[in-house]
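S.K.: Here's a structure for you.
Just so you know, all these numbers are worked out from the coordinates, no wet-lab data involved. No experiment lies behind these values; they were computed from the predicted model shown. Cβ atoms come from the backbone with ideal geometry, glycine included; neighbour counts cover every protein chain shown.
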Amino acid sequence: DEMPLHDYRQGRETIALGTKPITLAANFGEVSGVPTLAFVFDNNAHGTHVAGIAAGHNLFDVAGFDGVAPGAQLLGLKIANDARGGISMSGGIQHAMEYAARFAEQRNLPLVLNLSWGIGNEPGERAVMDSIVNAFVIAHPGIVFTISAGNDGPGLSTVGLPGSADLALSVGAALPGIYVPLEEDGARPAASDFVGSFSGRGGRFAKPDLLAPGWAFSTVPSFDTGNEIKAGTSMSAPYAAGLAACLISALAQEGRSPDGAAVSAALRVAAAGLPNASVLDQGAGLPQLERAYRWLLAGHQGSGYVVRATSGGGSAAFRREGLAGPGDTVETFRARHVTGLRVARFSLKSDAPWLSAPAMLPAGARETEIPLAYSAPALTAPGVYVGTVTAWNPSDALAGPLFSLVNVVAVPYDLADKPLFDERRSVGPGQVRRYFLRVASPGATLVASAALADSGHQTAKVILYEPNGAPFRELTRDSIVPIGGSQPGTARFVVRAEDAVVGVYELDVVAPPRTGVVATVRAQLAPLTLADREATNLGQASVSGRVTQVLLGAERVLEVAGRGATPESLTVSVPEWAATAVVEVELPRELWREFTDFGVTEFDSTGQQVSQGPLEFAFGRQAFAVPAALQGHPLTVELYPGFARDRGVHAWRAKLRVRFLLSDPRPIGDGQDITVLPGGRAPLPAQRPPQRTLPDGFAPLVEVKVRSSAGAPDAVRRVVVSP
């Protein structure tokens, strides 16, 4: 049965293996004069689905069932190692970008590059991958680059990297009306479209740029038959890439070769916004291909500007904690021209009454400082305020905005002042109701909930975000909690004291596309903050309560010193009594910006994978049931970094925390009453947990709970008991 297989680039030859065939292609090459052979295949179906959206032709052998740009050539470049959860390899994305550019240049072909991939953005300095994308677009001005906005929405500032890169088109997800029944049980298809609830939103970044359908019926490998419908911003980005290819093709047939800035501008300017959606939800909205084509035919030119806000350093000004004070009423943006048309003056227009800008401003030689003013009295009530100043070319007003200066002020509820109780709040069809909750003290316990008024007939989704924009760490990856219908009518979140992050949390209630909901939202802090051995009362009245403790299991913390791009492995022993394992990995936030992925994989002693969960942010937590065969045996945790630059690989550090939990917590003692005076502290009772056999390096893990006699939420903290 043997047959020769040539390099795919030469004859487009493939082979298929298995009863549900997986298709493989061979790539021959060399490294330092040594021949190499690589097999390329899609064992996840993601890439095949994305490719079909962008440029499929006669899909499923149905004539006329095409992707967006069926005449385009497809070049598939693999960046990830699926054996570790689909993580990108160090330098892999940059190498793929450079390869695609060389491939197109050598053949004198126009290039549209799509990247349906991303991870979470952390506050602080911009991500290295964003800088790589920006530099690439500047170096290749003819290229259009589309990137998925990420699936961590609807919270603000959830656009992932490198979807936050200034010069790429970041594409969010629209829910086409035809797919509404997939999102809302029993609903009929709708005549209109909606913003996808999971679509990454702007905040610190003036992204996304556009929306495109985030649900699609497209090609899949044979082993994935039956899963032709997939959802995500990974499906949106190739749709926009296909639109760009159509525009480039249309202009080429007329002997014209538009640059990437012009094509990107045409898609933005010609977009139509969805009703009741802000620039943070949708950017410019859904591109209209015919309008974009007419815009290019009219001879308008595109521009590329890199915009930075003085506060926060992002491409938007995002005040997550409201105004810093009465004098915090001025925001200065800096706009730097990098590609495309450059103008001498900017005409500035504001779309919000609380936001003002100069009517006209001359462009600076290198960059332009643009001062904006806020009206503080209009920004006092809790909620979200969004205002945008657009910069126009006064010589070509029909060309649309050159760039936008997006301003976001989130005014939080101060839970230290009083609890939040928002009763019977109406949330319109497809809308998001956002609540920002300030947690000012470390060691606080936050309890937040959302309950439907009629959970038998209504459904909704609820999600809690941490101050950095990451989903609450107790939620699973891409998790939005459904309530109502066949699910419980209330979502309740408890942020324990050891997990509490000082800052502003965001609680979102999302109504289904066709029907609004009525929800009651509550949020409250426990009256005491808890450290490992003491309770503190930050309030104005004495707090009395009863302290109880339970043994949860055992914990070990390890400091990891990584040597570079190679994986680091650490092995621990699993106790015989372990029912659940919890693995936490925390990287320094300032280091996160250098990665494109960070794999976390668990193996048993035979080398078989037990679990995996690549980090989405600098902190990640995964839990899995401990198989009986693993109890009493070693567990190896592998940490596998993927750096944005392969020449930027260096030593790194991380904290690894491994917990093993009992199937049933064991009470410790009978409890004890305490009273803490206003502004005072009180030691927590010292209870010795029952003796258990623990692996080397592990210590007992105990949950301490203080139940206030006033009926306020319990203060809860998990602590490690020192030997």
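S.K.: For segment 308-411, what is the charge dipole size about the Cα centre, in debye to the nearest 20, if Lys and Arg each add +1 at the Cβ and Asp and Glu each add -1 at the Cβ?
M.R.: 260
S.K.: Something else about it: Calculate one ³J(HN,Hα) per residue across segment 549-556 by plugging θ = phi - 60° into the Karplus curve 6.51 cos²θ - 1.76 cosθ + 1.60, and present them in order as whole Hz with x for glycine and proline.
M.R.: For segment 549-556, the Karplus curve yields 9, 9, 7, 9, x, 8, 9, 9 Hz.
S.K.: Sort out for me the Cα centre separation of segment 423-477 from segment 11-48, rounded to whole Å.
M.R.: 45
S.K.: DSSP loop GluC sites (Glu not before Pro) in segment 95-191 with at most 14 other Cβ atoms within 10 Å of their Cβ, which ones?
M.R.: GLU125
S.K.: Towards the positive end of the charge dipole of segment 419-525, with charges on Cβ (+1 Lys, Arg; -1 Asp, Glu), say which of LEU420, THR515, PRO467 has the farthest Cα.
M.R.: Towards the positive end, the residue furthest out is THR515.
S.K.: Related question: Using the structure shown, list the pairs from LYS207/LYS230; LYS20/LYS461; LYS207/LYS655; LYS207/LYS418 with a Cα-Cα distance above 25 Å, or answer none.
M.R.: The answer is LYS20/LYS461; LYS207/LYS655; LYS207/LYS418.
S.K.: I would also like to ask the following. Summing +1 for each Lys or Arg and -1 for each Asp or Glu, what net charge is found among the other residues whose Cβ lies under 15 Å from the Cβ of GLU369?
M.R.: With Lys, Arg at +1 and Asp, Glu at -1, the net is +3.
S.K.: Along the positive direction of the dipole of segment 1-115 (beta-carbon charges: Lys, Arg +1; Asp, Glu -1; about the Cα centre), which of LEU115, THR14, GLY52 reaches farthest?
M.R.: Farthest along the dipole direction, towards plus: LEU115.
S.K.: Exposure proxy check: TYR385, TYR465 ranked by fewest other beta carbons within 10 Å?
M.R.: Starting with the residue having the fewest Cβ neighbours, the order is TYR385, TYR465.
S.K.: Report the relative contact order of the chain, percent, no decimals, based on alpha-carbon pairs under 8 angstrom and at least 6 residues apart.
M.R.: About 12 percent, as a whole number.
S.K.: Which angle from 0 to 90°, rounded to the nearest 10, does the C-alpha axis of helix 260-269 make with the longest principal axis of the chain?
M.R.: That helix lies at roughly 70 degrees to the long axis.
S.K.: All other residues with a Cβ under 15 Å from the Cβ of LYS655 taken together, and with Lys, Arg as +1 and Asp, Glu as -1, what is their net charge?
M.R.: Result for the local shell: -1.
S.K.: For a quick check: with amide H placed at 1.01 Å from N, whose amide H comes under 5 Å from LEU115's, ignoring anything fewer than 5 positions away on the same chain?
M.R.: Here THR146, ILE147, SER148 satisfy the definition.
S.K.: Give me log10 I(q)/I(0) at q = 0.09, 0.10 Å⁻¹ for the chain, Debye formula, one equal scatterer per alpha-carbon, no solvent.
M.R.: Once normalised to I(0) and log-transformed, intensities are -0.88, -1.08.
S.K.: In the neighborhood of PRO181, defined by Cβ-to-Cβ distances under 15 Å, what is the net charge if each Lys or Arg adds +1 and each Asp or Glu adds -1?
M.R.: Overall, the nearby charge balance is -2.
S.K.: Follow-up. Per residue of segment 501-514, in order, report the coupling 6.51 cos²θ - 1.76 cosθ + 1.60 (Karplus, θ = phi - 60°) as ³J(HN,Hα) in whole Hz, putting x for Gly and Pro.
M.R.: Those phi angles translate into 10, 5, x, 10, 7, 10, 10, 10, 10, 10, 7, x, x, 9 Hz.
S.K.: Provide the gained length on full extension for the span THR225 to ASN44, in nm with one decimal, where the gain is 0.36 nm per separating residue minus the Cα-Cα distance.
M.R.: 64.0 nm
S.K.: Can you give me the Cα centroid spacing of segment 213-231 and segment 86-102 in angstrom?
M.R.: Using only Cα atoms to place each centre, the spacing works out to 25 Å.
S.K.: About the Cα centre of the chain, what is the dipole size in debye to 20, counting +1 per Lys and Arg Cβ and -1 per Asp and Glu Cβ, all else neutral?
M.R.: Dipole size: approximately 1420 debye.
S.K.: Cα convex hull of segment 419-525: how many Å³ per residue?
M.R.: In segment 419-525, the Cα convex hull volume per residue is 86 Å³.
S.K.: From the mean inverse distance of alpha carbon pairs (Kirkwood) and the Cα radius of gyration, derive Rg over Rh for segment 308-411.
M.R.: Here the Rg-to-Rh quotient is 0.98.
S.K.: Could you pull out which residues in segment 389-406 have an amide N less than 15 Å from a spot 7 Å beyond the Cα of THR332, following the Cα-Cβ vector?
M.R.: none
S.K.: Could you work out the Rg to Rh ratio of segment 387-426, with Rh taken as the Kirkwood radius (inverse of the mean 1/r over all Cα pairs)?
M.R.: My calculation puts Rg/Rh at 1.38.
S.K.: For segment 209-218, just list the computed ³J(HN,Hα) in residue order, Karplus coefficients 6.51, -1.76 and 1.60, θ = phi - 60°, integers in Hz, with x standing in for Gly and Pro.
M.R.: Along segment 209-218, the couplings run 7, 9, 10, 8, x, x, 10, 8, 9, 8 Hz.
S.K.: Follow-up question, since we're still on this one. Nearest 500 deg cm²/dmol is fine: what mean residue ellipticity at 222 nm does the chain get from its DSSP H runs of n ≥ 4 alone, each adding -39,500 (n - 2.57), divided by its residue count?
M.R.: -3500 deg cm²/dmol
S.K.: Hey, another quick one. Taking amide H atoms as placed 1.01 Å from N in the peptide plane, list the residues 5 or more away in sequence, or in a different chain, whose amide H sits under 5 Å from that of GLY562.
M.R.: Amide H to amide H, under 5 Å and 5 or more residues apart or across chains, GLY562 pairs with TRP652, ARG653, ALA654.
S.K.: How do MET3, MET360, MET97 line up, fewest other C-beta atoms within 10 Å first?
M.R.: The fewest-first ordering by Cβ neighbours comes to MET3, MET360, MET97.
S.K.: Helix 46-55 against the longest principal axis of the chain: what's the angle in degrees, Cα atoms only, rounded to the nearest 10?
M.R.: So the inclination is approximately 30 degrees.
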